[in-house]
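No value in this document is a laboratory result; all are computed from the given coordinates. As the structure is a computational prediction, the values presented were derived from the model and not from experiment. As a convention, Cβ positions derive from the backbone with ideal geometry for all residues, glycine included, and neighbour counts pool all protein chains shown.
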Amino acid sequence: MARYIKANPKVAAFLGIERDRNTVTDGNYLLWQSDMLAFGPLTQLPDTLAQIGGIALMPHEAREEQDGTVVRPLPTATDPRFIVETRAAEESEENAPVGGDNVEQVEEPAQQEESPAEGETDGNSGTEDNEPENED
């Protein structure tokens, strides 16, 4: 089955296909499997992906990337021509010691998860509360 290749802009520029391929929400490109022939035979696709710092995607995964519902991080390329330094990662590392914000973000989903559970518990607890009250 044909795969799509998610790769960084340096790979697209190297291949000269920046205007011919779609970009995804994180600024990377969705390339075609046949584009990888510039790096070697498709039988060596895993080696090629490691070299360029790309990942192979099934069609439905590529669609998720285009829609922005899922953003998969790219591995670091082994070929220095395709290494992309991410300033966002450096900034997030600087923000990590501040940490209170990160912890709160982790706690917020827990609170959100508890809210539906509380809603469900309210319905059950009303019944449970009535039963013990009736028993007492």
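Using the Cα centre of segment 3-68 as origin and beta-carbon charges of +1 (Lys, Arg) and -1 (Asp, Glu), tell me which of Trp32, Leu45, Gly16 is placed farthest towards the positive end of the dipole. My answer, from the dipole projection, is Gly16.
The peptide list 56-62, 68-74, put in order of mean Cβ contacts within 10 Å with the highest first, becomes 56-62, 68-74.
Summing +1 for each Lys or Arg and -1 for each Asp or Glu, what net charge is found among the other residues whose Cβ lies under 12 Å from the Cβ of Ala12?
Charge balance near Ala12 sits at +1.
A cut-off of 5 Å between modelled amide H atoms, ignoring neighbours fewer than 5 places along the same chain, links Leu57 with Tyr4, Ile5, Lys6.
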